[in-house]
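Asks: There's a structure below that I have some questions on.
The values are calculated or read from the model by the stated rules, or taken from the named source; none is laboratory data. This one's a predicted model, so the numbers in the text were calculated from it and none came from an experiment. Cβ placement follows ideal geometry from the backbone for every residue including glycine, while neighbour counts extend to all protein chains displayed.
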């Protein structure tokens, strides 16, 4: 495993382009684009203010830099460095900016969620979408980029609008049976839209692309409900993490619960009948004996306060859909890996510090996680590794993101970043990097 | 009598004797009264004084005879007889006869009287007994009544408690209801407020939007150097109705594609399952059909195997054929048939498996118990249950026996019992017991060793004390003799005292400890017999013996040494007493030993 030298960045803004060739980083008001392999600076752009948000277009030709305080968005082109585009939202303000999947439109959400402005870079046309709902995840594009679902709130009722991204044609508009819609997410095949209610009520609604309600699911009542939701890459499973420290898995045929994964504080590897991974390297500790059990440190949350630190807050399926990684907020130092074929616990990765971020390798069943320490942890079914990041200043890894070919990893610290190159055992996959 | 019956039943015997004596007294007095009545009835013709002194005197012989005759006749005793009425003289023979009869009668009456007295006594005692019983019962009744009332009181209190609790519950329920109502009210109020706020918010937003639009925000702008082409290279299309319909079409197309893909996958899955099913069927048929010859080949399990009907197998084959045909079709009927046949076969397989299971268990039992007839499973299980029970009982029995044995061993143990045990118990148990005994002995040995150490320490302490006292005495003597003017005597006495001290020092110590050891050894002798009977050569006891033997000669030796000078035995004894006292005061542990040791010395 090799590490690059350390570069500066600000606001943790470092993104590898979708085609995997460039690395864009923001340093204050400057945007730096490097070659991923050589790390040579290819382009340097200067924005009007400190950059708050940065995003690659899907074709890796443009970079969007947003400066929310000023209500400004600047777009840079890689092919034509002297091309420039500046979008000013004016006095109405700006809270969020994003690319449309075609990379030719920019969607700006104004302050107070007054409207969503769609700017076209092709025609300079502006369209407004009124009544967007301010919620956890109010906009979602289908994976193939053809549809956009938008949560709306009108007359104290929740609606979902489905737009065709090609020409922003409103395809469907329907009311949802939610008290207070919290988010929506397309299935990876783009045919089912999962809509969930706010945490006050456990409710998941599944809508077909044409707006029909396929099914609804509620595990319990009168208690804080859904905290996170994730589709499996095959659209076969829907994993729902909730405040009751459980993950429920729904199937795509009957939309009923197949199983639920609990996150107990005491694990009996032998009783659970699972081969927990024994990790000897670094501070990763996992009990692997036949009858001994591991007790996981649990932080008792203050349940009287709003948004208590309890429940499953992050869920991620591996790229092949075989594993599901979860994190329970009151066991912050532990990541749980579940086997989706056996529907059982595969491994418990207990760290010494709270896990900040974890992400699956986009190519292999390999999980990378960081805990805000100068170490990188990797788990795969074959075993676990922890690696010290070599640096003088004590580089602490706060976030990480994989390169799309899974061979390298961007480690993001507070004000620095560095690249970590995996030892590629199979060179054959390297040639075919981006096949989307 | 009534007063006596009040007393406790414990004193009954004593009372009885009293009662009897008193009753006799009363009876005798009554008899006297009776006599006196008799006598008083007599003097019709006589003066009472005379009568009292003598019934018959010289003068009134005939009258007396007459009178007696009359009396006798009235009593029905040989009326004609003692006197001829004319002469009024005593006819001696009948008179004597009459007297004899009278005496007889008197004796009889006496006897009956005694019997009656005894009866009376008995009845009185039974009466008393009954009375005490009655009293006791009354007491009991009283007690029970009191208890009853107490219970009633308790019940009443509990009832009260229940009532209060119920009222509490009711009030709590009401409270809950109230709170629920409040919560519901709050919730509705909250939702209403939220809606109101949201509406206001929407209104504000609208207004803001309007204002912004009215203001014609100059800043709101896009500044692009040149327009970009679409990412797919197409030209931009105008929004038309056609576009809308085409989008719809696309949407449905994608949905359709999804459904088709899903159907395809399901089809594949279905066919896979069908294949698996078919495979399973074939396997099942394979398992079931060649089983017959297989079973026949094995001679042991022949008889039960024959129970499996060959007709059923043929039928299965038929069903199998038809279901196989059906598998290729995929209509409702075929499916029904398929499931039916599968179920049928499955049931058969299950039955068969059960049979096989029972056969296997039977075979096992047969192997174990030679040529035993095939027993049905229930009977077998019952048997098992019974045997388990028996085993349990046996275990219990053994346990109790062990306990008893243990007790016996602890209390008294001699050669006889050892022999008995040898007879009674199996070698195994004996071994175990030995083990336990050895453990126990080891513990005891340890304990003894500790005790020995302790006693040794005490001895040492005593030694030290003695030497100290010796020193002191010498010093005192010195002091004293220095004061006296007799210098020549001083020397003698000094030597004397020294000798006395030398005597005093050691035997005194031995005195305090040896007796204890002796007693101990005696007790150990007892124990040691027990050990030797059960387990010979226990190291702890031998050790103990050895140590004891070691100590005993030592003490004797020292004693002998000390008693070599018989200068003043009395003083020495006195000193013993003193020293003993002092040791006792110092050490309570030695006190008990000392006491034990007093008697042998």
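Asks: Quick one: would you say residue A:127 is more than 8 Å from every other protein chain (Cβ to nearest Cβ), part of a strand (DSSP E or B) and farther than 17 Å from residue B:222 by Cα?
Replies: It is false that residue A:127 is more than 8 Å from every other protein chain (Cβ to nearest Cβ), part of a strand (DSSP E or B) and farther than 17 Å from residue B:222 by Cα.
Asks: Please work out which one of (1) buried (at least 21 other Cβ atoms within 10 Å of the Cβ); (2) in contact with a helix residue (DSSP H, G or I) (Cβ under 6 Å, 6 or more places away or on another chain) is the condition residue A:169 fails and give its number.
Replies: Of everything listed in (1) buried (at least 21 other Cβ atoms within 10 Å of the Cβ); (2) in contact with a helix residue (DSSP H, G or I) (Cβ under 6 Å, 6 or more places away or on another chain), residue A:169 misses just condition (1).
Asks: Applying the selection to the range A:195-230, what residues are in contact (Cβ under 8 Å) with a residue 60 or more places away in the chain, in contact with a strand residue (DSSP E or B) (Cβ under 6 Å, 6 or more places away or on another chain) and within 14 Å of chain B (Cβ to nearest Cβ)?
Replies: A:198 - this is the single residue of the range A:195-230 that is in contact (Cβ under 8 Å) with a residue 60 or more places away in the chain, in contact with a strand residue (DSSP E or B) (Cβ under 6 Å, 6 or more places away or on another chain) and within 14 Å of chain B (Cβ to nearest Cβ).
Asks: Output the residue which, of all residues in the range B:253-262 that are farther than 15 Å from residue A:234 by Cα and facing chain A (nearest Cβ under 8 Å), is surrounded by the most Cβ atoms within 10 Å (Cβ to Cβ).
Replies: The selected residue is B:254.
Asks: While we're on this one: Residues being assigned to a loop (DSSP other than H, G, I, E, B), surrounded by fewer than 20 Cβ atoms within 10 Å (Cβ to Cβ) and more than 7 Å from every other protein chain (Cβ to nearest Cβ): count how many of those fall in the range A:80-104.
Replies: 5
Asks: Could you list, in sequence order, all residues of the range B:229-251 that are more than 7 Å from every other protein chain (Cβ to nearest Cβ) and either at pLDDT 75 or above or within 60 Å of the chain's Cα centre (by Cα) (or both)?
Replies: B:245, B:246, B:248, B:249, B:250
Asks: Follow-up. Only residues that are out of contact with any strand residue (DSSP E or B) (no Cβ under 7 Å at 6 or more places or on another chain), modelled with pLDDT of 85 or more and under 15 Å from residue A:4 (Cβ atoms): list them for the range A:380-436, please.
Replies: A:413
Asks: Something else: Specify the residue that is nearest to the other protein chains (Cβ to nearest Cβ); the eligible residues are those in the range A:36-57 that are more than 16 Å from residue A:418 (Cα to Cα) and part of a loop (DSSP other than H, G, I, E, B).
Replies: This residue is A:57.
Asks: Something else now. Just a yes or no: is a residue in the range A:132-144 closer than 20 Å to residue A:17 by Cα, within 8 Å of chain B (Cβ to nearest Cβ) and either in contact with a helix residue (DSSP H, G or I) (Cβ under 8 Å, 6 or more places away or on another chain) or surrounded by 19 or more Cβ atoms within 10 Å (Cβ to Cβ) (or both)?
Replies: So far as the range A:132-144 goes, no, none of its residues is closer than 20 Å to residue A:17 by Cα, within 8 Å of chain B (Cβ to nearest Cβ) and either in contact with a helix residue (DSSP H, G or I) (Cβ under 8 Å, 6 or more places away or on another chain) or surrounded by 19 or more Cβ atoms within 10 Å (Cβ to Cβ) (or both).
Asks: Just the residues that are more than 10 Å from every other protein chain (Cβ to nearest Cβ) and either outside any strand (DSSP E or B) or over 21 Å from residue B:203 (Cβ atoms) (or both), please, taken from the range A:145-174.
Replies: Correct list: A:148, A:149, A:150, A:160, A:161, A:165, A:173, A:174.
Asks: Here's a follow-up. Working carefully through the options A:17, A:60, find the one that is away from chain B (no Cβ under 14 Å) and touching a strand residue (DSSP E or B) at 6+ places or on another chain (Cβ under 9 Å).
Replies: Exactly one of A:17, A:60 is away from chain B (no Cβ under 14 Å) and touching a strand residue (DSSP E or B) at 6+ places or on another chain (Cβ under 9 Å), namely A:17.
Asks: Do you know which residues across the range B:200-228 are facing another protein chain (nearest Cβ under 7 Å) and within 29 Å of residue A:179 (Cα to Cα)?
Replies: B:205, B:208, B:209
Asks: Look through B:180, B:159 and report the one residue that is over 30 Å from residue A:134 (Cβ atoms) and at pLDDT 95 or above.
Replies: B:159 is the lone residue from the list that is over 30 Å from residue A:134 (Cβ atoms) and at pLDDT 95 or above.
Asks: If I filter the range A:20-35 for residues that are out of contact with any strand residue (DSSP E or B) (no Cβ under 7 Å at 6 or more places or on another chain), in contact (Cβ under 8 Å) with a residue 40 or more places away in the chain and either within 12 Å of chain B (Cβ to nearest Cβ) or surrounded by 16 or more Cβ atoms within 10 Å (Cβ to Cβ) (or both), do I get at least one hit?
Replies: yes
Here's the yes/no breakdown for (1) modelled with pLDDT of 50 or more; (2) surrounded by fewer than 12 Cβ atoms within 10 Å (Cβ to Cβ); (3) more than 30 Å from residue A:163 (Cβ to Cβ):
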{"site": "B:264", "(1), (2), (3)": "yes, yes, no"}
{"site": "B:268", "(1), (2), (3)": "yes, yes, yes"}
{"site": "B:280", "(1), (2), (3)": "yes, no, yes"}
{"site": "B:288", "(1), (2), (3)": "yes, no, yes"}
{"site": "B:319", "(1), (2), (3)": "no, no, yes"}
